[in-house]
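**Student:** The following block contains the structure, expressed as structure tokens.
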Amino acid sequence: MIMALGIVVMNMQITRALDTLKASQIGAAALPILVRNWHYVNSSLGSTISGKIVYGANGDVNMTVPNKTAFGDYTLESSWGYIGHNILTQCYAGGCENNTLTTLTPNHIEFTDNHGDTIHLLKQWACQ
């Protein structure tokens, strides 16, 4: 059993409260196209927030937004899984959120989060 961020991994299942994902729904086993380093852009908040996000093959996520706070970079660790039906689940220390995938290509993934914001994951910056 492994415990990270309030999420228990036991017998290759992630369990948190009533949320359970099987091994086939975690990381690369579930959605291999998502596993890589991405440029993250959220422009739905009235201002653009961007940074880097890494979706790992084992279901781990690391996001960094440069210079977001007076103390420097903002970082967030979480876990992810794909339950099918265009639902990408991300779990944080405070709970899990289901996001709706709207675009899924090798160079661009887009989803709507539980706040209604549109999140873009880009393989390269648009200006490159």
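The values are calculated or read from the model by the stated rules, or taken from the named source; none is laboratory data. The structure displayed is predicted, hence computed values, not measured ones. Cβ sites come from the backbone with ideal geometry, for glycine too, and all protein chains shown count toward neighbours.
**Student:** Considering each of Thr20, Thr15, Thr48, Thr64 in turn, give the residue that is at pLDDT 90 or above and farther than 16 Å from Lys123 by Cβ.
**Tutor:** Thr64
**Student:** I need the full set of residues from the range 81-95 which are over 16 Å from Tyr55 (Cα atoms) and not aliphatic (A, V, I, L, M), in order please.
**Tutor:** Gly84, His85, Asn86, Gly94, Gly95
**Student:** Considering the range 104-118 alone, what residues qualify as being in contact with a strand residue (DSSP E or B) (Cβ under 9 Å, 6 or more places away or on another chain) and under 17 Å from Ile53 (Cα atoms)?
**Tutor:** Leu104, Asn107, His108, Ile109, Glu110, Phe111, Thr112, Asp113, Asp117, Thr118 - these are the residues of the range 104-118 that are in contact with a strand residue (DSSP E or B) (Cβ under 9 Å, 6 or more places away or on another chain) and under 17 Å from Ile53 (Cα atoms).
**Student:** Any idea which of Asp113, Asp117 is more than 12 Å from the chain's Cα centre (by Cα), surrounded by 11 or more Cβ atoms within 10 Å (Cβ to Cβ), modelled with pLDDT of 85 or more and among the acidic types (Asp, Glu)?
**Tutor:** Of Asp113, Asp117, the one residue that is more than 12 Å from the chain's Cα centre (by Cα), surrounded by 11 or more Cβ atoms within 10 Å (Cβ to Cβ), modelled with pLDDT of 85 or more and among the acidic types (Asp, Glu) is Asp117.
**Student:** Which pairs turn up if I take residues in the range 53-79 that are basic (Lys, Arg) and look for partners that are at pLDDT 90 or above with beta carbon separation below 9 Å, at least 6 apart in sequence or on another chain?
**Tutor:** Matching pairs, first to second residue: Lys68/Gly51.
**Student:** Something else about it: When you scan the range 60-103, how many residues do you find that are within 21 Å of Ala23 (Cα to Cα) and of a type outside the set (Asp, Glu)?
**Tutor:** Summing the residues that are within 21 Å of Ala23 (Cα to Cα) and of a type outside the set (Asp, Glu) in the range 60-103 gives 24.
**Student:** Name, by its number, the condition in (1) touching a Pro at 6+ places or on another chain (Cβ under 8 Å); (2) charged (D, E, K, R); (3) within 16 Å of Leu122 (Cβ to Cβ) that does not hold for Asp73.
**Tutor:** Result: Asp73 passes all but (3).
**Student:** Separate question: What number of residues in the range 79-120 are assigned to a strand (DSSP E or B) and charged (D, E, K, R)?
**Tutor:** 2
**Student:** So, in the range 42-98, exactly how many residues are surrounded by 16 or more Cβ atoms within 10 Å (Cβ to Cβ), farther than 21 Å from Glu110 by Cβ and in contact with a helix residue (DSSP H, G or I) (Cβ under 6 Å, 6 or more places away or on another chain)?
**Tutor:** Qualifying residue count, the range 42-98: 0.
**Student:** Follow-up. Just need a number here: residues in the range 41-78 that are in a strand (DSSP E or B), in contact with a Ser or Thr (Cβ under 6 Å, 6 or more places away or on another chain) and closer than 19 Å to Thr118 by Cα.
**Tutor:** Looking only at that region, the number is 5.
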